[in-house]
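The values are calculated or read from the model by the stated rules, or taken from the named source; none is laboratory data. All values reported here derive from a predicted model rather than from experimental measurement. Reconstructed Cβ throughout: ideal geometry from the backbone, glycine too, with neighbour counts over all protein chains shown.
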Amino acid sequence: MTRLGTALRRVAAVAACLIAAASVPSPAQAKPEPKAPREFADLRAVAPTILHEIRYTGPHNFVGVPVDGYRRPLCILTRPAAQALARAQRTLLRQGYSLKVYDCYRPQRAVDHFVEWAKDLSDERMKAEFYPRVEKSRLFADGYIAEKSGHSRGSTVDLTLVRLPAAPARPYVPGEPLAACHAPQEERFPDNSVDMGTGYDCFDTLSHTDDPRVTGVQRANRQLLRGVLAAEGFVNLPEEWWHFTYRPEVFPDTYFDFPVTERSLRGHGG
């Protein structure tokens with residue numbers, strides 16, 4: 001075989017490899033990112049005065065790092081749930097309060113992140129704040145972590161009340177000293193919400209909405225939040241004063257996994 005023939009064969013082989021590589025879909029093409037059904041909406045478009053502090057987009061949460069699937073600090077909800085929150089907000093504004101959301105729709109990949117974190121008993125970086133009186137090995141048995149969450153169905157929200165005018169909320173600094181979530185309000189991490197008796201996501205029986213140890217102003221604040229939301233169709237989870245689900249749910253049996261980002265809602269109306 002001549003040198004020219006050998007060179008032509010090599011060129012042909014390289015060209016064939018390039019064509020084959022071009023024909024193989026990239027990971028993004030092979031598995032496009034899931035999108036939200038049209039029944040979902042950005043809460044800001046429905047109730048723009050509701051305050052947002054989406055904890056899982058940053059490190060100030062029980063995991064201590066941004067959680068999988070939370071790409072933007074958005075509150076995405078099914079439209080009926082968002083509209084019900086808008087009605088509740090109008091009621092509260094007349095009384096000098098605003099709602100503040102901590103978490104809304106939660107992708108299944110975020111729930112999976114929680115499960116994997118809970119299995120790693122060596123990672124207790126946020127224990128002193130979020131579960132100081134619970135052993136991490138008990139988080140599954142005690143119901144604080146589960147493999148499915150109602151948040152992934154899109155009609156569940158974690159929220160609180162803020163007295164107006166809202167004071168600015170101090171940002172959390174990773175590595176700063178932690179304070180127990182069940183401590184008196186003046187000792188907990190500063191939050192511009194009213195005193196609910198514990199901080200948000202406090203893995204403690206004191207977080208039970210009707211815990212008898214919660215009295216006075218703290219109990220009144222919990223009752224105000226629950227009462228206003230109940231009037232608009234929300235049902236409280238008794239173990240968490242901040243957790244409410246709108247009923248009837250639009251997707252009572254479907255757990256979604258689209259990421260929390262504007263792109264997931266692209267093409268939706270307001």
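Values for this structure:
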read-out	value
Any chance THR209 is at pLDDT 95 or above, assigned to a loop (DSSP other than H, G, I, E, B) and touching a His at 6+ places or on another chain (Cβ under 8 Å)	no
Candidates SER152, SER137, filtered to the one that is over 22 Å from the mean Cα position of the chain (by Cα) and small (Gly, Ala, Ser)	SER137
The listed residue being in contact with a Pro (Cβ under 6 Å, 6 or more places away or on another chain), modelled with pLDDT of 95 or more and among the charged types (D, E, K, R), out of ARG71, ARG87, ARG55, ARG44	ARG71
Sole residue being touching a residue at least 60 places away in the same chain (Cβ under 8 Å) and basic (Lys, Arg), chosen from ARG266, ARG219	ARG266
Inter-residue pairs, beta-carbon under 8 Å, first over 17 Å from LEU206 (Cα atoms) and in the range 126-141, second in a loop (DSSP other than H, G, I, E, B) and aliphatic (A, V, I, L, M), 6+ apart	MET126/VAL63; MET126/LEU178; LYS136/LEU121; SER137/LEU121; PHE140/ALA146
Test: LEU224 is within 22 Å of the chain's Cα centre (by Cα) and of a type in the set (A, V, I, L, M, F, W, C)	no
Filter result for GLU262 (under 30 Å from ASP112 (Cβ atoms), charged (D, E, K, R), surrounded by fewer than 18 Cβ atoms within 10 Å (Cβ to Cβ) and out of contact with any Phe, Trp or Tyr (no Cβ under 9 Å at 6 or more places or on another chain))	yes
When residues of the range 218-240 are limited to those that are small (Gly, Ala, Ser) and either assigned to a loop (DSSP other than H, G, I, E, B) or in contact with a Lys or Arg (Cβ under 9 Å, 6 or more places away or on another chain) (or both), the one surrounded by the fewest Cβ atoms within 10 Å (Cβ to Cβ)	ALA231
Of all residues in the range 94-124 being part of a helix (DSSP H, G or I) and aromatic (Phe, Trp, Tyr), the one that is surrounded by the most Cβ atoms within 10 Å (Cβ to Cβ)	PHE114
Matching residues, the range 125-151, being part of a loop (DSSP other than H, G, I, E, B), surrounded by 13 or more Cβ atoms within 10 Å (Cβ to Cβ) and among the charged types (D, E, K, R)	ARG125, ARG133, ASP142
Qualifying residue in the range 177-199 (condition: farther than 20 Å from HIS52 by Cα, at pLDDT 95 or above, surrounded by fewer than 19 Cβ atoms within 10 Å (Cβ to Cβ) and of a type in the set (Gly, Ala, Ser))	yes
Subset of the range 69-93 (residues that are of a type in the set (Val, Ile, Thr) and surrounded by fewer than 23 Cβ atoms within 10 Å (Cβ to Cβ))	THR91
THR160 farther than 19 Å from ASP204 by Cα, β-branched (Val, Ile, Thr) and either in contact with a Phe, Trp or Tyr (Cβ under 8 Å, 6 or more places away or on another chain) or outside any loop (DSSP other than H, G, I, E, B) (or both)	no
Extreme residue, modelled with the lowest pLDDT, among residues of the range 243-268 that are touching a strand residue (DSSP E or B) at 6+ places or on another chain (Cβ under 8 Å) and in a loop (DSSP other than H, G, I, E, B)	HIS268
